[in-house]
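Here the structure is laid out as C-alpha cells; the discussion comes afterwards.
The values are calculated or read from the model by the stated rules, or taken from the named source; none is laboratory data. Keep in mind that what you see is a predicted model, and the values were worked out from it rather than measured. Quick reminder, even Gly has a Cβ in these numbers, built from the backbone with ideal geometry, and neighbours come from all protein chains shown.
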Amino acid sequence: MSRDKILQNIKMNNQGFNKTAYPVYHPIHRVQPSEYVETYGQFVKANRAKFIIVDHPDDIPGKVQDCFPNAKNVYSSLNGNLVPIDHDKIQEIDLAIIQGSYGVANNGATWVRDKDLFDRSIPFLCQYLTIVISADHLYADLYEAYQKIDPDDQSYGVFISGPSKTGDIEQALVIGAHGPLELLVVVVK
C-alpha cells in the first residue's frame, strides 16, 4: 500500500476525532486560590523535595546557596538566560536552576517547558535541581494546569514532582538513581 493511500485511510478513519467533547470534571475537594502556595508546598515536601518561599527574585541566589553549599558547577536558565553548554558537560552540572511554568497545588508537580532549558536533559542529569516558579502560576489541580499548556508553543514539556526515586531495586526506595538527588522548589510571591 502506498504512503498516500495509508495517510488517506488514517485521515478518513479519524474524521470527527478532534470534535469529541471532553468529560466534565468535578473535583471532590477543590483547593482554593488562597491555599495554593501552602498546599503546593505540603505536596512538594511530601514528594521528598525542599520548598521555600521568597518575596523577591533577588532573594533566590542566597536561598539556593544555603540549600546546596557544596555545589560548584552551577547552571541557571532563569530569566531566559539559555547559556549554551557542551552536551558532554551536562552530566558534570552539580546544580541546575530552572524556571517552572505551572505548579499543581494538589500534587506538588511543576510543569517545565523545553523553551526554558538549553537542553531538555539538564533537569535529569544534574545532581541537584532547583525549580523557580511564580505564585501566580500555581493552579488547583492537573486539570487546570493542563488547560494552560499550549502544545503549539512547545515541542516538549514534563511535570517534575520530586527528586528521582525508584523502588524496584531489591524493593528498597533509592533516591537519585535516575535523576537529581535533591529537588528544591522556590515559589516567588
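I'd like to check which strands (runs of 3 or more DSSP E) are fully inside the range 89-189 and have at least 1 residues that are in contact (Cβ under 8 Å) with a residue 24 or more places away in the chain, hydroxyl-bearing (Ser, Thr, Tyr) and more than 19 Å from residue 47 (Cα to Cα).
In the range 89-189, the matching strands (runs of 3 or more DSSP E) lie at 128-134.
In the range 142-157, how many are farther than 25 Å from residue 26 by Cα, surrounded by fewer than 13 Cβ atoms within 10 Å (Cβ to Cβ) and either basic (Lys, Arg) or within 12 Å of the chain's Cα centre (by Cα) (or both)?
1
Residue 110 passes all but one of (1) at pLDDT below 95; (2) within 13 Å of the chain's Cα centre (by Cα); which number fails?
Of the numbered conditions (1) at pLDDT below 95; (2) within 13 Å of the chain's Cα centre (by Cα), the odd one out for residue 110 is (1).
Out of the residues in the range 68-88 that are outside any loop (DSSP other than H, G, I, E, B) and hydrophobic (A, V, I, L, M, F, W, C), state the one that is nearest to residue 131 (Cα to Cα).
This residue is 78.
Are there any pairs, at least 6 apart or on different chains, whose C-beta atoms fall under 6 Å, with the first in the range 44-61 and more than 15 Å from residue 109 (Cβ to Cβ) and touching a residue at least 12 places away in the same chain (Cβ under 8 Å) and the second basic (Lys, Arg) and not in a helix (DSSP H, G or I), and if so, which?
Filtered contacts from the range 44-61: 55/189.
What are the residues in the range 55-75 that are buried (at least 17 other Cβ atoms within 10 Å of the Cβ) and touching a helix residue (DSSP H, G or I) at 6+ places or on another chain (Cβ under 9 Å), if any?
Of everything in the range 55-75, those that are buried (at least 17 other Cβ atoms within 10 Å of the Cβ) and touching a helix residue (DSSP H, G or I) at 6+ places or on another chain (Cβ under 9 Å) turn out to be 60, 71, 74, 75.
Look at the range 158-179 and say how many of its residues are out of contact with any helix residue (DSSP H, G or I) (no Cβ under 7 Å at 6 or more places or on another chain) and surrounded by 13 or more Cβ atoms within 10 Å (Cβ to Cβ).
Count: 12.
In the set 48, 30, which member is on the phi > 0 side of the Ramachandran plot and either modelled with pLDDT under 95 or under 17 Å from the mean Cα position of the chain (by Cα) (or both)?
48
I'm told residue 64 meets every condition in (1) touching a residue at least 24 places away in the same chain (Cβ under 8 Å); (2) not in a helix (DSSP H, G or I) except one. Can you identify the failing condition by its number?
(2)
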